[in-house]
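The values are calculated or read from the model by the stated rules, or taken from the named source; none is laboratory data. Computed from a predicted model, the values in this text were never measured in an experiment. Cβ sites come from the backbone with ideal geometry, for glycine too, and all protein chains shown count toward neighbours. With ligands, DNA and RNA removed, areas are computed over all heavy atoms of the protein, side chains included. Shrake-Rupley method; radii C 1.70, N 1.55, O 1.52, S 1.80 Å.
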Amino acid sequence: MDLKKFSDEEVISLYPKILKELKSRDIIRTNNLVGDLGEYWTRKKYNETPNLPNLQDAPKSTKNIDAISNKGERYAIKSTSGSGTGVFASLSTKNDEKKFEYLVIVLFDKDYILKEILELTWDQFKKFRRMKPPENKWNLPITNEVKSQAKKIF
């Protein structure tokens, strides 16, 4: 499909149609395309890979986690095509109470093609997290050290 032949209005009108189709296929749940794609690929890869737990979506509006394993372990999932995650908006900066067992980082290229899926424990997350100004919330830079210490899922 040559999108250059479409008018601006036609191209714009494709986006909601694509979101609706992705929702009907249970690939995404919200209009947060990148975040939902990361959750989709995480569930798919975990559930199709022997020796990894099966994951299901956490109930909607559950704080701090996106998926729960068949063993009851809590998973936070962050997706990015950049050099770091977005902020962890609901994590306290003052209290280090464990909010999830695992952090899954889904890395996409600039065309949203899946590049890597990495898994960190809560303790690894605490070791590598950084405070991101001006939000004053935690985020996680995706450094070579993070990549070398993370479990490679994909």
Notebook entry, point to check: For L22, are the conditions met, namely being in contact with a strand residue (DSSP E or B) (Cβ under 8 Å, 6 or more places away or on another chain) and surrounded by 14 or more Cβ atoms within 10 Å (Cβ to Cβ)?
Noted result: no
How many residues of region 51-68 are free of Cβ contacts under 8 Å to residues at least 40 places away in the same chain, in contact with a Phe, Trp or Tyr (Cβ under 7 Å, 6 or more places away or on another chain) and part of a loop (DSSP other than H, G, I, E, B)? The answer is 5
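Out of the residues in region 51-69 meeting the condition of being out of contact with any strand residue (DSSP E or B) (no Cβ under 8 Å at 6 or more places or on another chain) and open to solvent by 70 Å² or more (accessible area, probe 1.4 Å), tell me which one is nearest to I105 (Cα to Cα).
Taking region 51-69 as the starting set, the residues that turn out to be out of contact with any strand residue (DSSP E or B) (no Cβ under 8 Å at 6 or more places or on another chain) are 51-52, 59-63.
Next, only the ones that are open to solvent by 70 Å² or more (accessible area, probe 1.4 Å) stay: 51, 59-61, 63.
Numbers: N51: 19, P59: 20, K60: 20, S61: 20, K63: 17 Å.
Among them, the one singled out is K63.
Could you check region 131-154 and list, in sequence order, the residues that are in contact (Cβ under 8 Å) with a residue 12 or more places away in the chain and open to solvent by 90 Å² or more (accessible area, probe 1.4 Å)?
Step one: list which residues in region 131-154 are in contact (Cβ under 8 Å) with a residue 12 or more places away in the chain, which gives 131-132, 135-143, 145-147, 149-154.
Those that are in contact (Cβ under 8 Å) with a residue 12 or more places away in the chain and open to solvent by 90 Å² or more (accessible area, probe 1.4 Å): N136, E145, K151, K152, F154.
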So, first residue open to solvent by less than 70 Å² (accessible area, probe 1.4 Å) in region 37-50, second residue among the acidic types (D, E), Cβ within less than 9 Å, six or more apart or across chains; the pairs are G38/D66; E39/D57; E39/D66; Y40/D26; T42/D66; R43/D57
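So if I check each of L91, L107, L103, L120, which one is in a loop (DSSP other than H, G, I, E, B), buried (at least 16 other Cβ atoms within 10 Å of the Cβ) and touching a Lys or Arg at 6+ places or on another chain (Cβ under 8 Å)? Walk me through it before giving the result.
Values: L107 fails: in a loop (DSSP other than H, G, I, E, B); L103 fails: in a loop (DSSP other than H, G, I, E, B); L120 fails: in a loop (DSSP other than H, G, I, E, B).
Residue meeting the stated conditions: L91.
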Given (1) assigned to a loop (DSSP other than H, G, I, E, B); (2) surrounded by fewer than 16 Cβ atoms within 10 Å (Cβ to Cβ), K115 misses just (1)
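Given the options G72, G86, name the one that is part of a loop (DSSP other than H, G, I, E, B), at pLDDT 95 or above and not aliphatic (A, V, I, L, M). Explain how you work it out, then say what you get.
Working: G86 fails: at pLDDT 95 or above.
Sole residue among the options that is part of a loop (DSSP other than H, G, I, E, B), at pLDDT 95 or above and not aliphatic (A, V, I, L, M): G72.
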